[in-house]
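Quick notes on the structure that follows.
The values are calculated or read from the model by the stated rules, or taken from the named source; none is laboratory data. These numbers come from a predicted model, not from an experiment. Don't worry about glycine lacking a Cβ; one is built from the backbone with ideal geometry, like all the others, and counts go over all protein chains shown. Heavy atoms of the whole protein, side chains included, go into the accessibility calculation; ligands, DNA and RNA do not. Shrake-Rupley method; radii C 1.70, N 1.55, O 1.52, S 1.80 Å.
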Amino acid sequence: MRNNVVIAIDGYSSCGKSTLAKALAKKLGFIYIDSGAMYRAVTLFFIRNKVNINNDAEVAEALKQIDLNFHSRDYESHILLNGEEVSEEIRQMPVSENVSAVSAHKLVRHDMVCQQHRMGQEKNIVMDGRDIGTAVFNDAQVKFFMTADPKIRAERRFKELQAKGDKNITLEEVFENLAHRDYADTTRQESPLTRASDAIILDNTNLSQEEQLDFAYNHVKPFLTREI
Ligand code: C5P
């Protein structure tokens with residue numbers, strides 16, 4: 001039995017997992033950990049250093065050179081790759097296009113999962129990703145599995161990228177990237193994305209951010225020592 005509370009949020013790409021995870025962490029005073037940012041930062045390192053993911057020795061050596069750190073400002077999580085703030089760069093298309101292949105590598109997964117385990121040892125956390133409820137914390141007290149209509153997901157992501165000034169990308173390209181990542185993430189050998197049997201399904205196609213937060217909070221409430 002763990003003494004801390006772990007909330008696991010898994011689901012397809014661009015379902016709003018991080019939006020819910022951040023809002024929930026803020027409401028509960030928990031620590032938010034974006035596991036996808038870790039795989040993205042590793043991918044950025046691999047791209048910059050031309051690491052060949054088909055060469056296990058090269059991958060193992062590269063992982064030794066990577067130091068990841070989070071720092072949080074008002075529940076916006078920022079990730080540092082060897083001391084450099086890379087939170088913006090890891091959201092851009094070169095990383096999005098390669099992250100599923102990098103994250104499917106067993107050595108990469110092993111390394112990230114070990115780090116994630118350490119982060120959830122003592123503190124109350126909300127962690128989002130693809131394998132949190134199934135592999136990283138299969139003993140999490142509350143697990144959500146998020147989904148939404150693929151077209152709506154692509155539109156949301158597209159708007160987000162446009163707002164950040166990424167004007168070169170089309171809605172079709174975003175849709176294709178999400179479809180590709182969903183396929184790769186659900187069919188890979190190493191801890192594929194799948195719903196844990198005890199995960200609560202949250203389809204937010206027609207839900208506002210407030211509604212999904214209420215839905216999630218009501219499920220978490222029984223595990224809190226005091227109501228918020
Ligand atoms: O959550 P986000 O979309 O930023 O994750 C990027 C990619 O990282 C996913 O498409 C998936 O390939 C990988 N990932 C993973 N396991 C996690 C979190 C993310 O394999 N726990």
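Brief remarks on what is shown
- Screening Ile47 with (1) outside any helix (DSSP H, G or I); (2) in contact with a helix residue (DSSP H, G or I) (Cβ under 7 Å, 6 or more places away or on another chain) gives one miss only, at (1).
- Given (1) in a helix (DSSP H, G or I); (2) crowded, with 16+ Cβ neighbours inside 10 Å; (3) modelled with pLDDT under 95, number of the condition Gly36 does not satisfy: (3)
- Which listed residue, of Ser191, Ser197, Ser208, is in contact with an Asp or Glu (Cβ under 6 Å, 6 or more places away or on another chain) and either touching a residue at least 12 places away in the same chain (Cβ under 8 Å) or among the hydroxyl-bearing types (Ser, Thr, Tyr) (or both): Ser191
- Qualifying positions in segment 83-112 - open to solvent by 30 Å² or more (accessible area, probe 1.4 Å), within 11 Å of the ligand (Cβ to nearest atom) and closer than 16 Å to Asp34 by Cβ: Arg91
- Look at segment 166-186: where a residue is among the hydroxyl-bearing types (Ser, Thr, Tyr) and a partner is open to solvent by less than 20 Å² (accessible area, probe 1.4 Å), sitting 6+ places away or on another chain with Cβ atoms under 7 Å, you get Thr186/Leu193.
- Hey, Gln121 modelled with pLDDT under 95, more than 9 Å from the ligand (Cβ to nearest atom) and closer than 20 Å to Glu89 by Cβ or not: no
- Pair list, Cβ under 6 Å, 6 or more apart: segment 61-75 residue among the charged types (D, E, K, R), other residue outside any strand (DSSP E or B) and surrounded by 12 or more Cβ atoms within 10 Å (Cβ to Cβ): Asp67/Asn82
- Cβ-Cβ under 8 Å pairs, at least 6 apart or on other chains, segment 29-45 side more than 6 Å from the ligand (Cβ to nearest atom), far side of a type in the set (Lys, Arg): Phe30/Lys123; Ile31/Lys123; Tyr32/Lys22; Tyr32/Lys26
- Of the helices (runs of 4 or more DSSP H) entirely within segment 121-228, those holding at least 1 residues that are closer than 17 Å to Ala8 by Cβ and open to solvent by 60 Å² or more (accessible area, probe 1.4 Å) occupy 209-220.
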